[in-house]
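Below is one structure, written out as structure tokens; comments come after it.
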Amino acid sequence: EPIEKCWANNLEANMTKILMYTVRPDERAAIDAWVAANDIQVDTNTVEFGPDTVDLAKGYDGVVIQQHGAIPDEMVYQKLKAFGIKQLTLRITGYDIVNLDAATANGLVVTNVPAYSPRSVSELVLAQVMRLIRHLGEASAREAKDDYSWAGLEAPEIHNLTVGIIGAGKIGSAVARIFRALGATVIVSDPVKRPELADTVSYVDLNTLLTTSDVVTVHTPLDGLTTHLIDADALRKMKPTAYLINAARGPIVDTEALIKALNDHTIAGAALDTIEGEAGIFGEDRSQTLVDNQALETLKAMPNVEISPHIGFYTDAAVKNMIDISLDDVKTILEGGKSAHQVN
Ligand code: NAD
């Protein structure tokens, strides 16, 4: 894969150089603007970072990545160290893809962009919830067959519903404010209680949240405790009229259990912006190659399931912040400073 070089005028050959992996055309303008304002060269490529592509970083001072495929291999981190690189900066929030132990062992400061725009994901959640409760997926499926009947399309009104948020951090808080503004009752399960949400939500335990919510939306990080947090047991506790939203990380929901719950009408429907096994699928045009993910095939055929290809983050404001915050962090670290976004 060719590396595209980008630097401002009049800079010397020995200037600091950063390599950005997996750059999309829509990120170009923000990168050019940052380069123009900083005496640093930023080169870009379009490949994911990993064992096959780590060698591209040789000769660079800093590395910025953005991907959903995991990077477990210790060798990758050893190579970065051997190249003299001191950091690994993600221009996304979730850093579960990084082997933090291996990064730390090789002296790499790992940073993320903790809040590029909490509104971006929460506004997608709003769109997904409205599509689900208004049965727009079912209506579209009928329209495709010239069936314009109303049976089964009666909807509840959002102000009469209870929205349950599992994990109200940056994104979950933004979700809470949106649904509260629309008049819904908002309840939260989170070990951390935020005083600033006192007028917006009531804190409850997870069991109460699952059994009383009309919409359950998860916004926790992916970790040992939250992997398959939404399993068969949790789904069984939900109301048969309730909807599940996952715009956090795929493995938080046990996909097989979700399919069974949908088939058995244990819950009414679901919206997934992220799904187990999405790496190599979401974000790619796979129309010409077989998509080998049976669960995704099953779910996308269900009219009461909304699938979006991990686009929660993808707004204009968020893209610019991801570029600016990540490159500012690399600059800070290379100049000997400490980033406020270090995660290891
Ligand atoms: P955050 O760290 O600000 O908030 C997470 C919250 O979850 C915290 O309040 C924490 O106390 C709580 N929490 C942790 N474990 C919990 C548990 N077991 N039960 C209940 N609450 C728990 O994180 P954030 O920035 O709000 O991001 C939330 C999620 O959204 C992450 O998984 C992130 O990867 C994902 N995300 C998705 C997209 C997308 O495009 N769909 C974009 C950005 C982030």
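The values are calculated or read from the model by the stated rules, or taken from the named source; none is laboratory data. Just so you know, these numbers come straight off a predicted model, no measurement behind them. As a convention, Cβ positions derive from the backbone with ideal geometry for all residues, glycine included, and neighbour counts pool all protein chains shown. Surface areas here come from the heavy atoms of the whole protein model, side chains and all, with no ligands, DNA or RNA. Shrake-Rupley method; radii C 1.70, N 1.55, O 1.52, S 1.80 Å.
Residues that are in a loop (DSSP other than H, G, I, E, B) and either within 15 Å of the ligand (Cβ to nearest atom) or of a type in the set (Phe, Trp, Tyr) (or both) were ranked within the range 84-107; the one that is nearest to Gly62 (Cα to Cα) is Arg91.
Counting only strands (runs of 3 or more DSSP E) that fall entirely inside the range 203-305 and contain at least 2 residues that are open to solvent by less than 60 Å² (accessible area, probe 1.4 Å), away from the ligand (no atom under 11 Å from the Cβ) and not hydroxyl-bearing (Ser, Thr, Tyr), the qualifying elements are 215-218, 269-272.
Residue count for the range 1-21, restricted to those that are assigned to a loop (DSSP other than H, G, I, E, B), open to solvent by less than 60 Å² (accessible area, probe 1.4 Å) and modelled with pLDDT under 95: 6.
Yes/no per residue for (1) under 23 Å from the mean Cα position of the chain (by Cα); (2) without any contact (Cβ under 8 Å) to a residue 24 or more places away in the chain; (3) on the phi < 0 side of the Ramachandran plot:
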| position | (1), (2), (3) |
| --- | --- |
| Asn45 | yes, no, yes |
| Tyr77 | no, no, yes |
| Gly84 | no, yes, no |
| Thr89 | yes, no, yes |
| Val110 | yes, no, yes |
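Here is a check on your reading of the model: is Val64 among the hydrophobic types (A, V, I, L, M, F, W, C), within 15 Å of the ligand (Cβ to nearest atom) and touching a residue at least 40 places away in the same chain (Cβ under 8 Å)? No: the conditions fail for Val64. Met322 satisfies every condition listed in (1) within 14 Å of the ligand (Cβ to nearest atom); (2) part of a helix (DSSP H, G or I); (3) of a type outside the set (D, E, K, R); (4) free of Cβ contacts under 8 Å to residues at least 40 places away in the same chain except (4). For the range 38-54: of the residues being within 21 Å of Gly283 (Cβ to Cβ) and of a type in the set (A, V, I, L, M), which is least open to solvent (accessible area, probe 1.4 Å)? Of everything passing the filter in the range 38-54, Val54 is least open to solvent (accessible area, probe 1.4 Å). Asp32: loosely packed, with under 13 Cβ neighbours inside 10 Å and more than 21 Å from the chain's Cα centre (by Cα), yes or no? For Asp32, the condition - loosely packed, with under 13 Cβ neighbours inside 10 Å and more than 21 Å from the chain's Cα centre (by Cα) - is not met.
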